[in-house]
């Protein structure tokens, strides 16, 4: 079951990145101030938030039940985890970065409900989604990193 969730989490990464990219493009198109913040903007943001929260739940399960998160902290102690860059990435950096990104995505989704003009909604959502995208891209275990995971489920590094 754990390995299946790793594959699901890997595939979900792409769903979140694509939806986040679409949300950023929508926000950029609205920065001119002439395009209203419409149902399409809100819908993409909603699907993005749902996908991000599903990935959060899958990732939290992996962190708690899997060998790389809580188990490493319990076995090695926090000092031991912090001394090893791979263990530190999985136990601390990845989960912290993703939590921050998901919080920003959730706030970005909520911007559409605010009683402000459409240009302000687009501008705020753009910045929140852009920062979330940067954090996600930095804290994903890309194949070129020391903490590599395959690009797609079932692939090899």
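Bear in mind these aren't lab numbers, they're just calculated from the coordinates by the rules spelled out. It should be emphasised that the depicted structure is a prediction, and the values quoted were computed from it without experimental measurement. Don't worry about glycine lacking a Cβ; one is built from the backbone with ideal geometry, like all the others, and counts go over all protein chains shown.
Centre-to-centre, using Cα atoms only, the range 21-44 and the range 120-150 are separated by 19 Å.
Approximating the spin labels as points 7 Å out from Cα along Cα→Cβ, the residue 46-to-residue 31 distance works out to 2.7 nm.
With R₀ set to 25 Å, the beta-carbon distance separating residue 78 from residue 134 gives a calculated FRET efficiency near 0.40. Once the Cα atoms of helix 70-83 and of the chain are each reduced to a long axis, what angle between those two axes, in degrees from 0 to 90 to the nearest 10, is obtained? Roughly 90 degrees, rounded to the nearest 10.
Assuming R0 = 35 Å, can you tell me the calculated FRET efficiency for the pair residue 120 and residue 54, based on Cβ-Cβ distance, to the nearest 0.05? Before the final figure, lay out the partial values.
Values: r = 29 Å, r/R0 = 0.83.
Given R0 = 35 Å and the Cβ-Cβ separation, E is 0.75.
If R0 is taken as 22 Å, the Cβ-Cβ distance between residue 3 and residue 86 corresponds to a FRET efficiency of 0.75.
From its DSSP helices (H runs of at least four residues, each -39,500 (n - 2.57)), the chain gives a residue-normalised ellipticity at 222 nm of -24500 deg cm²/dmol.
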